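Undergrad: I am attaching a structure below and will ask some questions about it afterwards.
None of the figures in this text is laboratory data; all of them are computed from the coordinates on show. The model shown is predicted, which means the values in this text are computed figures rather than measured ones. Cβ placement follows ideal geometry from the backbone for every residue including glycine, while neighbour counts extend to all protein chains displayed.
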Amino acid sequence: MKALQKAWYSCFLILLTGCMGGPAPDPVNRKEGHLIYTHHARCRMDCRRITEKEIREILERGTINQAKSDPYGKPDPKYAFEGYTDEGQHLRVIFAPESDGLVVITCIDLSTEWPCDCH
């Protein structure tokens, strides 16, 4: 009887997972070859000593912070990726997918408050 219960439970879990659709697909192409940096992003990168390599690290390995993202934003949705670079910097990078590439809107060092005069 226990074997039958386990079989039914396994089938239930498989059906439930299938109905829920599993994990949502990533809304951003993490392997995007063409990153477009806004003037503001470049200024913030300079102030906060963040390199293009580190931006790419966060894109590829970071997690999406849904609370800081705007997936229904107009004209483009915006996604806040967070993570640690190979150098240990804790960053948030805001990306906006567009037809011709992925726009880097801004970047924030979550551990250090850097003096910056970007407008």
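Undergrad: Ranking D86, D117, D46 by Cβ neighbours within 10 Å, fewest first, what do you get?
TA: Values: D86 9, D117 6, D46 12.
If I rank by nearby Cβ atoms, fewest first, I get D117, D86, D46.
Undergrad: Identify all aspartates and glutamates with a Cα-Cα distance to K53 below 14 Å; exclude those on the same chain that are fewer than 8 residues away in sequence.
TA: K53 reaches E32, D86, E87.
Undergrad: Considering only the other residues whose Cβ falls under 14 Å of the Cβ of T112, what net charge follows from Lys and Arg at +1 and Asp and Glu at -1? Let's see the in-between values first.
TA: Details: positive: R44, R48, R49, R92; negative: E54, E87, D109, E113.
Cβ neighbours under 14 Å give a net charge of 0.
Undergrad: If amide H atoms are built 1.01 Å from N in the plane of the peptide, which residues on other chains or at least 5 residues away come under 5 Å of the amide H of T38?
TA: Those qualifying (amide H under 5 Å, at least 5 residues apart or on another chain) are V104.
Undergrad: Another question, if that's okay. Obtain the nm distance between the two label points defined at W114 and T38 by a simple spin-label model: each point lies 7 Å from its Cα along the Cα-to-C-beta direction.
TA: 1.7
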